[in-house]
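These notes are about the structure you will find just below.
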Amino acid sequence: MDWEFILTMITIRNCIAIGAMVCAISGAHAAETYLDIKAGYAASMWWGGRAVATNLGDTSYVLDPYGNRQIHSGLSLGASLDLPLFSSLFFQPELLFTMKGYGLRQLRNDPLDSTLTTVTMNYLEAPLLIKWRFEDSDLLPCVYLGPTLGILLAAYGSMENPKQSFNSADNDYLTKYSSKFDCGAAIGASVEKRMGRNRIVVEARCTMGFISINSLSQFQQAQGVSSDAFPNDKNLVVSIMAGYGFASPF
């Protein structure tokens, strides 16, 4: 066996790999690293709820879990880092405060009379995104996707008619029996406009949660309530944000 030939081929392979790595790092260093500060509007709903069967006399009905739901309007704000991996590929970790939730329109005695109950759930989120930039010019369109992790900070509610907020006991109940963690995926697009070394960023994204936000109470568990018969609501958020990016001085 020609060991010298084998060692030579291994050396050539390693040199090619190192050369490719150097080129990749050089391409990455050619792109700027940015810290973006951003804020915007978040429209949220729930998805994934199970249809519930019920009986009225001898008639069976299937209730639409979102028949009376309305979009919840909230705020999303935070910061992100734009870290170049290659010339057009970036890693974008973020830390966001996002207001999620839903609105529920309920009829009362009069068919023309209804009240809107709004539930707000505040999350601290950490999206971990991979972003692709299409062009190298002053106006840069991008697309991105990646997983998101969230921690529930608080949950609270209010009613439209009569206009009042939930009391502290009701808010504590909402927080206690909602899942403390959320995870999902985000997909979106952005446009970046360079302003000297810094930039302006406008973006839109959709974030889908994969974990049910409902948590069985101890009483329900003691009564033998199965999670299969419990709502399986998950968060769904569409957000539009704008921000300003600061180029790294290094």
| task | Report, by residue number, each residue of the range 193-216 that is in a strand (DSSP E or B) and of a type in the set (F, W, Y). | result | none
| request: Any chance you could count how many residues in the range 105-152 are buried (at least 18 other Cβ atoms within 10 Å of the Cβ) and at pLDDT below 85? | output: 2
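Yes or no: the range 218-225 includes at least one residue that is modelled with pLDDT of 90 or more, in the same structural domain as G48 (by TED's automatic domain parsing) and not polar (S, T, N, Q).
Within the range 218-225, the first condition is being modelled with pLDDT of 90 or more, and the residues that meet it are none.
Checked the range 218-225: no residue is modelled with pLDDT of 90 or more, in the same structural domain as G48 (by TED's automatic domain parsing) and not polar (S, T, N, Q).
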| Where a residue in the range 163-175 is assigned by TED's automatic domain parsing to the domain that holds G101 and its partner, wherever it lies, is among the β-branched types (V, I, T) and modelled with pLDDT of 70 or more, with Cβ under 7 Å and at least six apart | L174/V119
| query | Does V201 satisfy the condition of being touching a Gly at 6+ places or on another chain (Cβ under 6 Å) and closer than 21 Å to T33 by Cα? | reply | yes
| message | Quick check on the range 49-102: of everything there that is touching a strand residue (DSSP E or B) at 6+ places or on another chain (Cβ under 6 Å) and part of a loop (DSSP other than H, G, I, E, B), which residue is modelled with the lowest pLDDT? | response | A51
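Across the range 164-192, what is the total count of residues that are part of a strand (DSSP E or B), of a type outside the set (A, V, I, L, M, F, W, C) and loosely packed, with under 13 Cβ neighbours inside 10 Å? Break it down stepwise before answering.
Step one: list which residues in the range 164-192 are part of a strand (DSSP E or B), which gives 164-165, 178, 181-192.
After this cut, where a residue has to be of a type outside the set (A, V, I, L, M, F, W, C) as well, the list is 164-165, 178, 182, 184, 188, 190, 192.
Remaining after also requiring loosely packed, with under 13 Cβ neighbours inside 10 Å: 164-165.
Matching residues across the range 164-192 total 2.
The values are calculated or read from the model by the stated rules, or taken from the named source; none is laboratory data. These numbers were taken from a predicted model, which means no experiment stands behind them. Neighbour counts run over all protein chains shown; Cβ positions are idealised from the backbone, glycine included.
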